[in-house]
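Notes follow the structure.
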Amino acid sequence: MKNLSRLTLVAIASTGLALALTSCGGSGQSSGKASGGSSDSSALVSTATAAPQASGSFGSVVTLPSGVAFTLDKQALFTPTKFSSGQIDGQRFNSFEITVKNAAATPLDLGTLILTTTTAAGAGCVDIFDGQVGLQGAPSNPVAAGGTTTFKWAISCPGKTGDPLDVNLTTDGTTSVDVKGKLI
């Protein structure tokens with residue numbers, strides 16, 4: 001009798017839990033309203049972006065008012081290896097070097113670096129990572145005041161050779177530079 005009452009309690013608890021969890025999703029239809037009364041749910045994930053503080057082109061030094069300078073150079077076609085991740089079949093694979101010279105008074109944390117790359121008509125590119133060939137993202141150690149670091153970056157972009165390529169580098173969520181070039 002004790003076993004039957006425990007079994008009944010477990011069954012009731014499981015059913016109650018299942019009903020509670022399935023009601024969390026609602027009817028599956030959106031009301032179009034986000035919390036706070038907003039009717040645009042994209043407002044929950046989009047962030048305001050300010051105009052770049054500096055701009056230039058591949059091969060040129062682009063310097064922020066703080067003294068931090070970026071150079072995107074040595075752009076080349078990239079052939080992903082079997083260890084690469086991020087590439088999309090049928091797209092152009094480009095790689096380049098990023099040199100950061102920190103003439104600012106404080107260390108620069110590249111852990112906050114965000115690269116946003118786009119091609120013609122604003123089509124977004126994706127980053128390619130491959131530790132076997134040195135594509136590991138930005139360095140994890142800060143660039144000391146007066147210091148310089150160089151690292152490799154690769155992207156997978158829709159488009160064709162000669163299409164415009166725009167690379168925006170944001171260092172602290174608000175400070176950015178814009179570097180323009182062309183897909184190769």
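Laboratory data are not the source of any read-out in this text; all were calculated from the coordinates shown. Note that the structure is predicted; figures quoted are calculated from it, not measured. We place every Cβ from the backbone using ideal geometry, glycine too, and count neighbours over all the protein chains shown.
As a ratio to 2.2 N^0.38 Å, the alpha-carbon radius of gyration for the stretch 54-182 is 1.02. Sorting 174-182, 60-68 by their mean Cβ neighbour count within 10 Å, with the most densely packed peptide first, gives 174-182, 60-68.
For Cys125, the shell of other residues with beta-carbons less than 11 Å away shows a net charge of -2, using +1 for Lys and Arg and -1 for Asp and Glu. Charged neighbours of Thr79, selected by a Cβ distance under 14 Å, balance to +1 (K, R count +1; D, E count -1). Restriction of the trypsin sites (Lys or Arg not before Pro) in the stretch 51-133 to DSSP coil positions whose beta-carbon has at most 13 other beta-carbons within 10 angstrom yields Lys82. Once you list every other residue whose beta carbon is under 9 Å from the beta carbon of Ile98, what net charge do they have if Lys and Arg are +1 and Asp and Glu are -1? With Lys, Arg at +1 and Asp, Glu at -1, the neighbours total -1.
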